[in-house]
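Asks: Below are the structure tokens for one structure; questions will follow.
The values are calculated or read from the model by the stated rules, or taken from the named source; none is laboratory data. Just so it is clear, the model here is predicted, and its values are computed rather than measured. Every residue, glycine among them, receives a Cβ derived from its backbone with ideal geometry; neighbour counts consider all protein chains shown. To get the accessible areas, we keep the full protein, side chains included, count just its heavy atoms, and leave off ligands, DNA and RNA. Shrake-Rupley method; radii C 1.70, N 1.55, O 1.52, S 1.80 Å.
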Amino acid sequence: MFSSVDDVSARLAESGYLASPAVATTVFLADRLGKPLLVEGPAGVGKTELAKAVARVAEARLVRLQCYEGVDESRALYEWNHAKQLLRISAGRDETWDEARTDIFSEEFLLPRPLLTAIRGDEPTVLLIDETDKADVEVEGLLLEVLSDFQVTVPELGTITATRRPFVVLTSNASRELSEALRRRCLFLHIGFPEEELERRIVRLKVPGIEAALAESVVRVIGALRAMDLRKAPSVAETIDWARTLLALGATTLDENVVRDSLGVILKHQDDILKAGAKLDLDAV
């Protein structure tokens, strides 16, 4: 998909994603080596958006598996259409079980879920396995075969191997440790909070019309908040939301009233808001 690291940076930027050199390099290597990319970091720093941006620039289909506690094989890999199977069995009452079984466990009755959908596709595909750390440990076992050999085994049909490997992105907020077996199969990328200069560029790109001075003030205040011992530090997504809020309010500069009245946009816990209100010194940032 990409010819060089610079090509990654340029094309992602054209799609609205400003990538650091580390991000661009790792995406290029994942593409060139054909390995899955495990992206870890705090919520709201652009992990999911990276997969979407790669899909946009590659003109690829995005297949997303949203992980959560309790997600299982039937939601991640495949399941059989049991209602349709029962109708088929009822319609063929005069058949033997062997005859019916051969029919009902065929492609017609298979319901592919995201992992199998991505493996079977013959078009460019980006497979996003989002918030992998929220899934149960057992789900990682399902992923190992997919990430190792890009194949899926359906006992009734055999092994289905990818004819065209998808570009795979796994994201994690590091709420739990992923297994070493899973990590071994991936290239690793940590996305943290960006440097001030990059975050200013992101704000100017995502919030058209904002003045450079206000964007700089926003980023400096966000940096000061992240330096505090908060329950949830503001993410890049919240920086962008705050910039849009200030633009909607018609603010051209940051003063105590504007900041106090809009802290709920960037801080989502009352104790964080109280702490920021007491410690934040706009003259010092």
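Asks: When you check K47 against the structure, is it in contact with a Leu (Cβ under 7 Å, 6 or more places away or on another chain), of a type in the set (K, R), closer than 26 Å to A174 by Cβ and modelled with pLDDT of 95 or more, yes or no?
Replies: Criteria not met by K47.
Asks: Across the stretch 166-193, which residue is farthest from L38 (Cα to Cα) among those that are of a type in the set (F, W, Y) and within 15 Å of the chain's Cα centre (by Cα)?
Replies: Checking each candidate, the answer is F167.
Asks: Additional query: What number of residues in the stretch 166-219 are open to solvent by 20 Å² or more (accessible area, probe 1.4 Å), in contact with a strand residue (DSSP E or B) (Cβ under 7 Å, 6 or more places away or on another chain) and closer than 20 Å to S235 by Cα?
Replies: 2
Asks: Yes or no: the stretch 11-31 includes at least one residue that is β-branched (V, I, T) and more than 15 Å from the chain's Cα centre (by Cα).
Replies: yes
Asks: Which ones in the stretch 1-40 are of a type in the set (A, V, I, L, M) and farther than 17 Å from P194 by Cβ?
Replies: The answer is M1, V5, A10, L29, A30, L33, L37, L38.
Asks: Ok, one more. Can you give me the ranges of the helices (runs of 4 or more DSSP H) entirely in the stretch 1-104 with at least 1 residues that are more than 28 Å from A135 (Cα to Cα) and open to solvent by less than 20 Å² (accessible area, probe 1.4 Å)?
Replies: In the stretch 1-104, the matching helices (runs of 4 or more DSSP H) lie at 5-14, 82-91, 97-104.
Asks: Which one is farthest from V207 (Cα to Cα), of the residues in the stretch 224-272 that are open to solvent by 30 Å² or more (accessible area, probe 1.4 Å) and of a type in the set (V, I, T)?
Replies: Among them, the one singled out is V258.
Asks: Give the stretch 137-165 a look and list any residue that's open to solvent by 60 Å² or more (accessible area, probe 1.4 Å), modelled with pLDDT of 90 or more and under 21 Å from the mean Cα position of the chain (by Cα), or say none.
Replies: Residue satisfying the conditions is R165 alone.
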